[in-house]
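Worksheet: one structure, shown below.
The values are calculated or read from the model by the stated rules, or taken from the named source; none is laboratory data. Note that the structure is a prediction, hence the values are computed from the model and not measured. Counting neighbours? That spans all protein chains shown, and the Cβs are built from the backbone with ideal geometry, glycine included. When the accessible area is computed, the model is the full protein with side chains, heavy atoms only, and any ligands, DNA or RNA have been set aside. Shrake-Rupley method; radii C 1.70, N 1.55, O 1.52, S 1.80 Å.
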Amino acid sequence: MKKIQSVRGTVDLFSHEMRKHKKVINEAKSVSSLYGYEEVSLPIMEKSEVFIRPLGLSSDVVSKETYTFEDRGGESITLRPEGTAGIIRSIISEGKMNDLPLKLFYSGPMFRYERPQKGRLRQFTQIGIESIGNSDAIEDVDVISCGVNLLKKLGILNNCILNINTLGDAISRKDYRENLVNYFMKKSSKLSKLSQSRLSINPLRILDSKEEEDQEIIKNAPLFSSFLNKASIEHFEKVLKFLKLSEIEYLHNEKLVRGLDYYCHTTFEFITKDLGSQGTVLGGGRYDGLSEMLNGPKMPAVGFAAGVDRLAMLYLSKLSKPDIISIVPIEKENFEFCYKLLNKIRENKICAEIYPGGNVTKNLKKISKKDLKFVILIGINEIKSGKLILKNLSTGNQSEISIDEFYENLEFLTRS
Ligand code: HAM
């Protein structure tokens, strides 16, 4: 019979991989709480309109990557491709506008129908932070600084370059957009089909194009920096000033536009060469206009998200399992005695498990495959003499100790 395979672009996580994912999420939780972020949990599915305007109808995500379906009540539902729009939706729908500023941390699965490859999945996990209600440029730097510290904690920072850019405010963007359209219009016959289609909907995205024929045209395109108004320049200069003050190295990359429509002012990405073409490990920026795109009030905000799957691939330290004591009854008849011992060990907050009595060799073989450290062997003779055999599988040491002594030294024994 044909085996049922997992859905393309999804992963099953076991053992070491699972531990790495947990490590990344826990580090992100702890670093973000140091910056004052509180964890929230939001639905994995949202009404489709939550994503359409904020991410942009012409964005890759909305135009071809969302998992969108009609539910049984006829409502259009989308599995969240990212967390930011849902957070703003929840602040508006839960009426939390009066509680601002809010600093929220989240982690969980996101869904994008992309072509799967190394570091690119259809179901992937993100951790993210969103600081809502603070329009100061220093907050952009504080968000970036939180990302820096997370990457540092994971030992990844040295292999990443922070790319940063500004998309200015809405007025600057309107000016720039007009100029960019004029420029691209003159060259439109030489542009790729994809870029031609973006010309009227989102010309800024053309700057992001990977198509060969667009590269020369993009190289000579007008730069956003010439169209930034005073307020936008001041915002960005303050960001750069405080990055320097925080000793955060960066590369000002004027071509960094990011793929989602809701951004304004600061955008940034931490990029590594260690993951091939999927090198962006963490990306974010300011999105002051997102709330209004969802018919909410003015709500300045800035944040980032990072791909847990990518960070876990880059996290190279070995994470060992917590020590577990495995109890192996030498004869079947000793199982009850051993089961009582098992409960006692667990009462002492030490992880323990029990194997069926009888075939000791078979059980020890299973245990050694599972990379476990301690084994307790108990048979009729041991029970009679009030002793047990404690075996440390990693050192090979084996000792016979009295059961009473074992209880008294439980913690010490597992650390030895
Ligand atoms: P994003 O750049 O689309 O931004 O995604 C953030 C991160 O998620 C990426 O840098 C990457 O590490 C990871 N990621 C994205 N797509 C995939 C995929 N198919 N497979 C594996 N990992 C992936 C956002 O999602 C924004 N919401 C970030 C943000 C938060 N901006 C402001 N606040």
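Using R₀ = 60 Å, calculate the FRET efficiency as 1/(1 + (r/R₀)^6) where r is the Cβ-Cβ separation of residue 246 and residue 76; round to 0.05. Don't skip to the answer; put the middle values down first.
Numbers: r = 43 Å, r/R0 = 0.72.
For R0 = 60 Å, the calculated efficiency reads 0.90.
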Mind giving me the nanometre distance, one decimal, between the label points for residue 380 and residue 213, set 7 Å out from Cα along Cα→Cβ? 8.7
What nm value, rounded to one decimal, do you get for the distance between residue 183 and residue 292 when each label is placed 7 Å out toward the C-beta? 2.5
What's the center-to-center distance, using Cα atoms, between region 144-199 and region 289-312 in Å? 16
Choose one answer from 307, 386, 119: the residue with the largest mean-square fluctuation in a GNM of the chain with alpha-carbon springs under 10 Å. 386
Going by alpha carbons, how many degrees (0 to 90, nearest 10) lie between the helix axis of 15-34 and the longest principal axis of the chain? 60
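What does the charge dipole of region 241-333 about its Cα centre add up to, to the nearest 20 debye, if the Cβ of each Lys and Arg holds +1 and the Cβ of each Asp and Glu holds -1? Numbers along the way, then the final one.
Values: 11 positive and 12 negative charges, 56 e Å.
That gives a dipole near 260 debye.
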Compactness index (Cα Rg / 2.2 N^0.38 Å), region 325-415: 0.97
For the chain, longest principal axis from Cα atoms; helix 137-153 axis from its Cα atoms; angle between them, nearest 10 degrees, is 30
If each residue of separation counts as 0.36 nm, what is the full-extension length gain between residue 15 and residue 238 once their alpha-carbon separation is subtracted? 75.8 nm
Ignoring ligands, DNA and RNA, what accessible area per residue does the chain give at 1.4 Å, in Å²? 53
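Give, as a single signed number, the net charge of other residues whose beta carbon lies under 13 Å from the beta carbon of residue 156, with Lys and Arg counted +1 and Asp and Glu -1.
Values: positive: 20, 23, 152, 153, 273, 310; negative: 27, 274.
Here the count lands on +4.
Using only helices, what value at 222 nm comes out for the chain when you add -39,500 (n - 2.57) per DSSP H run of length 4 or more and divide by the total residues, to the nearest 500 deg cm²/dmol?
Details: 15 runs with 153 residues, N = 416.
Taken over the chain, the calculation gives -11000 deg cm²/dmol.
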Using the Cα centre of region 265-416 as the reference point, and only Cβ charges (+1 on K/R, -1 on D/E), how large is the resulting charge dipole? Debye, rounded to the nearest 20. 380
Compactness check, the chain: C-alpha Rg relative to the 2.2 N^0.38 Å globular estimate gives 1.28
Which residue, 134, 159, 220, has the most motion in a Gaussian network model of the chain that connects Cα atoms within less than 10 Å? 220
I'd like the distance between the alpha-carbon centres of region 231-275 and region 44-76, rounded to an integer number of Å. 28
Multiply the residue gap between residue 404 and residue 92 by 0.36 nm, knock off their C-alpha separation, and tell me the result in nm, one decimal place. 106.2 nm
So for R0 = 45 Å, FRET eff. of residue 69-residue 332 from the Cβ-Cβ r, to 0.05, ends up at 0.25
What is the helix-to-structure angle for 230-245, meaning the angle in degrees between its Cα long axis and the longest Cα principal axis of the chain, kept from 0 to 90 and rounded to the nearest 10? 30
Farthest positive-ward along region 158-230 dipole, Cα basis, beta-carbon charges - from 206, 171, 184: 171
What dipole magnitude, in Debye to the nearest 20, does the chain give about its Cα centre under +1 on Lys/Arg Cβ and -1 on Asp/Glu Cβ? 1360
Rounded to a whole number, what % of the accessible area of the chain do carbon and sulfur atoms account for, probe 1.4 Å? 51
Enumerate the whole-percent occupancy of each 10 Å bin, from 0 to the last occupied one, for all C-alpha pair distances of region 254-320. 18, 40, 26, 13, 3
Which distance in nm do the two modelled labels at residue 26 and residue 158 give, with both placed 7 Å along the Cα-to-Cβ direction? 2.4
